[in-house]
Amino acid sequence: MLFGRSKKNPVKLADKGAVEWKYTTCGYCSTGCSIEVGLNKDGKAVSARGVGDADVNRGKLCIKGIFEYELFESGGRGRVPLLRERIHEPFREAGWDEALDRTAAEIQRIQAQYGRDAFSIVSTGQIMTEEFYTLGKLARGVIGTNNYDGNTTLCMASAVSGYKRSFGSDGPPGCYEDFEHTDCLLAIGSNLPEQHPIIYWRMREAREKRHFPLIVVDPRVTMLAQNADMHLPISPGTDVVLLNSLAYVILEEGLQDEDYIRAHTTDFDAFKATVQDYDPLTASKICGIDEDTIRNVARVYARANAAMTIWTMGINQSTHGSDGVVAINNLNLITGNIGKPGGSSLSITGQCNAMGTREWSSCSGLPGYRALEKAQDRKEVAEFWGIDEDFFPEKRGMFMTDILPAIETGQIKGLWLIATNPMTSMPNTARIRKTLEKLEFLVVQDAYADVETNEYSHVFLPAAVWAEKEGVFTNTERRVNLIRNVMPPFGESKPDLWIFNEMAKRIERDKKPGFPETAEQAFEEMKQLSKGRLLDISGMSYDKLEQQRGLQWPCRDGDATGAKRLYTDGVFQYPDGKAKLIPLPFVDNNERPDDEYPLWLNSGRVVEHFHTRTRTGKLGNQNKFSPTPYMEMNPDAAAAFGVEHGQYARLVSRRGDAVVMVQCTQRVPRDMIFVPFHYHECVNRVSLGLLDPHSRQPAYKQCAVRVEPIEDQQAAAAINLAARAY
Ligand SMILES: Nc1nc2c(c(=O)[nH]1)N[C@H]1C(S)=C(S)[C@@H](COP(=O)(O)OP(=O)(O)OC[C@H]3O[C@@H](n4cnc5c(=O)[nH]c(N)nc54)[C@H](O)[C@@H]3O)O[C@H]1N2
Ligand SMILES: Nc1nc2c(c(=O)[nH]1)N[C@H]1C(S)=C(S)[C@@H](COP(=O)(O)OP(=O)(O)OC[C@H]3O[C@@H](n4cnc5c(=O)[nH]c(N)nc54)[C@H](O)[C@@H]3O)O[C@H]1N2
Ligand code: SF4
Ligand SMILES: [Mo]
């Protein structure tokens, strides 16, 4: 007897007519997947596939990468520069010369009238590294404003700050391959399957081969939590208490790595003294994780041959964000889990090039992890750029989250926004709106003309997006990946690099650095500046980056390939070569639920959307899965607040209100709701965003709200519809 089909009928993929495949790198998240975009005979992008021999993604892509090629012709793109005298008047179309001349004139007027720092620049984690480097040169070496920062303050600032405090420098020490060596993985406030699907796939594949315990710390039952061996539903904002308590148990039971602590760290005694206040019973009352679980996790982690911690926004976006990162580093230092295969403190980065801006943009300092505060660093860069050393300030200026309030107080009069959309992404929308309206001059440089922030601009500069240009991104594991140019820019839009170079020509200064025309020439400059530094890239070239599907820094001149890990020799970036163990007393400073606002508000992301949806909101293949602003709400809470699944309800905080659809789910506990932040006029109308004292990053994930039923569901539907305008 025959089993199966007698006649084979193989699966056939629709032939989209791709005749040529072009290599590039995904421009959404920081995983750094290699993509090939398929072009048809007319040169139109029609398909995409993961690159099989790329170590990062090994042929796979997530839903965003698969449909990214549809971006080239998506709705709302900026076609030509736009100008107007006053906001809220209609724009008129303009040529590039007029738009650039007007912007340069306004920058110079504001600086002459109010001082150099009264003009501010806020950029992103989503342009090429060469563009960051060039913008840094323009901001620090030509325009000369110290109020220059990026949206990474909303995203990775706590990780940067924590790495610097512990190790003396920024730079994630681990890599994806660590999943293949680890014996225990602790994931804190990170939902890999939705936010970094291909890192998740790498982790899962490693775990299927060699089952290691996965412990997830998250107040929600995320998809990652559902796949974990242990889920610790922590009380919001108390991770530092849990981590201090894990250290308490490790030290109490003598599970620490004495040799490592002695050889490679300082300040152990002060650290140990503070940890004594966090015995598991005391800690359990604050962080909501019971005493036995704390002890158990501490033992599993410390006894593992190699253990690693990954984290994302559940840690960074907190009033204890920087401390949370330091606490993770403390845990890994006392157990000797830094710089060894499977032992790491690996911050999962957010945007495609949030690493590139940290390394090269000069936002918080000078290029190549140099600091404005160090005379030697100022001297080196001034000499290399051919400008006067004293043109640089001696310490960094404001963070993004301080720049907007400084507009409110009149300190800052002009702003240049590059690839960021604070009208939707910053806390307290009403306040941001008033702030932007107050500016004498706002220039928005974005790939999309319908980006909400553009409602408040005087000049709009249309930028090329993703593979409409060339350059590199650095991913989570310090891998520099190449974005080859696949398409010419849409309409008359221009690569950001070109825009920066043109602006540099128009600002008057006695001495100006040179501005190379191509991205590859800028990369060559960066290579020279990187020599001998932690992030040495002098052994890289565009061709080598394509051949090896990315290279991890450091990759020195003469090195055949990049380095997988940092600090393998236990030598850190502090002058004494040692890492610091830092005591972390916990201060409870969040807005907490009370009688009037009895629910925690938590916010984050879903797999199909990216941030403020300027991109994914336009692609049917993404938007169809989550078209509507909604909130996850526990069914018991819904009953208590008199709202029902599928109904619109009003979300109210001390800042404002928003209309969202109720989605009843056990994913969230009784005292919490979770809202994806992708929609305009939604969660950030109500969020608070208290700032971390070290990193100035907003605590997007904790504030207090209540939910009210809405009688007129039709009117609510109209408001809800407006929030998903596209
Ligand atoms: N699909 C998609 N992927 C993305 C992005 C996107 O917009 N869409 N954005 C990219 C960017 S820039 C970033 S920064 C990353 C973000 O990636 P993630 O940080 O993984 O995503 P989030 O959903 O913001 O938050 C993660 C989790 O933090 C939890 N959390 C909230 N409060 C706490 C707390 O107090 N403690 C702990 N331990 N956890 C808490 C939330 O419940 C949530 O499940 O994703 C990147 N990838
Ligand atoms: N409530 C809440 N709010 C949050 C968060 C949260 O978890 N909860 N997360 C925060 C985090 S982690 C982040 S990273 C921020 C993100 O916040 P934003 O940076 O404001 O969000 P994006 O939508 O990514 O904005 C990027 C803009 O760059 C444009 N763009 C894309 N590519 C290019 C390019 O090559 N050139 C130019 N010029 N423009 C380009 C896009 O069209 C888009 O308008 O949001 C933060 N806001
Ligand atoms: S995992 Fe991130 S980098 Fe990879 S395809 Fe998806 S969005 Fe792009
Ligand atoms: Mo982010």
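The values are calculated or read from the model by the stated rules, or taken from the named source; none is laboratory data. This is a predicted model, so every value here is computed, not measured. Note: ideal-geometry Cβ built from the backbone for every residue, glycine included; neighbour counts use all protein chains shown.
Taking Phe572 as the residue in question, decide whether it is surrounded by fewer than 16 Cβ atoms within 10 Å (Cβ to Cβ) and either in contact (Cβ under 8 Å) with a residue 12 or more places away in the chain or not assigned by TED's automatic domain parsing to the domain that holds Val326 (or both).
No.
When you scan the stretch 88-108, do you find a residue that is modelled with pLDDT under 95 and either in the same structural domain as Met423 (by TED's automatic domain parsing) or closer than 30 Å to Ile261 by Cα (or both), even just one?
Scanning the stretch 88-108 turns up at least one residue that is modelled with pLDDT under 95 and either in the same structural domain as Met423 (by TED's automatic domain parsing) or closer than 30 Å to Ile261 by Cα (or both).
Per-residue answers, yes or no, for (1) within 16 Å of ligand 4 (Cβ to nearest atom); (2) charged (D, E, K, R); (3) crowded, with 24+ Cβ neighbours inside 10 Å; (4) not assigned by TED's automatic domain parsing to the domain that holds Tyr114:
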{"residue": "Glu130", "(1), (2), (3), (4)": "no, yes, yes, no"}
{"residue": "Asn146", "(1), (2), (3), (4)": "no, no, no, no"}
{"residue": "Asn151", "(1), (2), (3), (4)": "yes, no, yes, no"}
{"residue": "Asp178", "(1), (2), (3), (4)": "no, yes, yes, yes"}
{"residue": "Thr182", "(1), (2), (3), (4)": "no, no, yes, yes"}
{"residue": "Tyr200", "(1), (2), (3), (4)": "no, no, no, yes"}
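What are the pairs, 6+ residues apart or on separate chains, where a residue within the stretch 52-65 that is in the same structural domain as Arg605 (by TED's automatic domain parsing) and at negative phi has its Cβ under 9 Å from a residue that is more than 11 Å from ligand 1 (Cβ to nearest atom) and modelled with pLDDT of 95 or more?
Partner pairs satisfying both residue conditions: none exist.
Mind checking which residues of the stretch 185-222 are in contact (Cβ under 8 Å) with a residue 40 or more places away in the chain, among the β-branched types (Val, Ile, Thr), out of contact with any Lys or Arg (no Cβ under 8 Å at 6 or more places or on another chain) and near ligand 1 (Cβ under 9 Å from one of its atoms)?
Listed by number, the residues that qualify are Ile188, Val217.
Output the number of residues of the stretch 92-117 satisfying the condition of being surrounded by fewer than 20 Cβ atoms within 10 Å (Cβ to Cβ) and either basic (Lys, Arg) or within 20 Å of Val465 (Cβ to Cβ) (or both).
6
Looking at Ile110, Ile121, Ile127, which one is aliphatic (A, V, I, L, M), in contact (Cβ under 8 Å) with a residue 40 or more places away in the chain and away from ligand 2 (no atom under 16 Å from the Cβ)?
Ile110
Between residues in the stretch 630-649 that are surrounded by fewer than 18 Cβ atoms within 10 Å (Cβ to Cβ) and residues that are basic (Lys, Arg) and at pLDDT 95 or above, which pairs lie under 7 Å by C-beta distance while being six or more apart or on different chains?
Pairs that qualify, where the first residue is surrounded by fewer than 18 Cβ atoms within 10 Å (Cβ to Cβ) and the partner is basic (Lys, Arg) and at pLDDT 95 or above, are Asp636/Arg670.
Is there a residue being within 21 Å of the chain's Cα centre (by Cα) and either free of Cβ contacts under 8 Å to residues at least 60 places away in the same chain or away from ligand 4 (no atom under 16 Å from the Cβ) (or both) anywhere in the stretch 295-311?
yes
Show the residue pairs meeting these rules: Cβ distance below 7 Å; 6+ apart or different chains; first residue within the stretch 592-621 and more than 19 Å from Gln126 (Cβ to Cβ) and assigned by TED's automatic domain parsing to the domain that holds Ile673; second residue assigned to a loop (DSSP other than H, G, I, E, B) and within 15 Å of ligand 3 (Cβ to nearest atom).
Pairs found: Asn621/Phe67.
Let's see how each residue does on (1) touching a helix residue (DSSP H, G or I) at 6+ places or on another chain (Cβ under 7 Å); (2) assigned to a loop (DSSP other than H, G, I, E, B); (3) farther than 21 Å from Gly27 by Cα:
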{"site": "Ser345", "(1), (2), (3)": "yes, no, yes"}
{"site": "Gly356", "(1), (2), (3)": "yes, no, no"}
{"site": "Ser362", "(1), (2), (3)": "yes, yes, yes"}
{"site": "Gly368", "(1), (2), (3)": "yes, yes, yes"}
{"site": "Leu372", "(1), (2), (3)": "yes, yes, yes"}
{"site": "Arg378", "(1), (2), (3)": "yes, no, yes"}
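When you go through Lys527, Lys544, Lys512 one by one, which is the residue that is outside any loop (DSSP other than H, G, I, E, B) and out of contact with any strand residue (DSSP E or B) (no Cβ under 7 Å at 6 or more places or on another chain)?
The conditions single out Lys527.
If a residue must be assigned to a loop (DSSP other than H, G, I, E, B), more than 16 Å from ligand 1 (Cβ to nearest atom) and within 22 Å of the chain's Cα centre (by Cα), how many such residues does the stretch 638-689 contain?
1
For Thr103, which of the numbered conditions (1) part of a helix (DSSP H, G or I); (2) within 12 Å of ligand 2 (Cβ to nearest atom); (3) of a type outside the set (Lys, Arg) fails to hold?
Every listed condition holds for Thr103 apart from (2).
Go through (1) under 23 Å from Phe441 (Cα atoms); (2) assigned to a helix (DSSP H, G or I); (3) within 16 Å of ligand 4 (Cβ to nearest atom) for Val142 and report which single condition fails.
(3)
Going through Leu404, Leu372 one at a time, which residue ends up being in the same structural domain as Ala522 (by TED's automatic domain parsing), closer than 28 Å to Gln552 by Cα and either away from ligand 4 (no atom under 16 Å from the Cβ) or modelled with pLDDT of 95 or more (or both)?
Only one candidate passes the filter, namely Leu372.
Which residues, counting only those in the stretch 15-56, are farther than 15 Å from Glu477 by Cβ and of a type in the set (A, V, I, L, M, F, W, C)?
Residues satisfying the conditions are Ala18, Val19, Trp21, Ile35, Val37, Leu39, Ala45, Val46, Ala48, Val51.
So, of the residues in the stretch 203-224 that are assigned to a strand (DSSP E or B) and among the β-branched types (Val, Ile, Thr), which turns out to be farthest from Glu632 (Cα to Cα)?
Looking at the filtered set, the residue picked out is Ile215.
Search the stretch 154-180 for residues that are over 22 Å from Leu584 (Cα atoms) and pair each with any residue that is of a type in the set (Val, Ile, Thr) and within 16 Å of ligand 3 (Cβ to nearest atom) when their beta-carbon atoms are under 8 Å apart and the residues are at least 6 apart or on different chains.
Sorted first by the residue in the stretch 154-180, then by its partner, the pairs are Tyr176/Val56; Tyr176/Ile199; Tyr176/Thr476.
If a residue has to be among the charged types (D, E, K, R), farther than 22 Å from Gly342 by Cα and not in a loop (DSSP other than H, G, I, E, B) to count, how many in the stretch 555-610 make the cut?
Result for the stretch 555-610: 0.
Given the conditions (1) under 25 Å from Thr129 (Cα atoms); (2) part of a loop (DSSP other than H, G, I, E, B), which single one is not true for Thr401?
The single condition Thr401 does not satisfy is (2).
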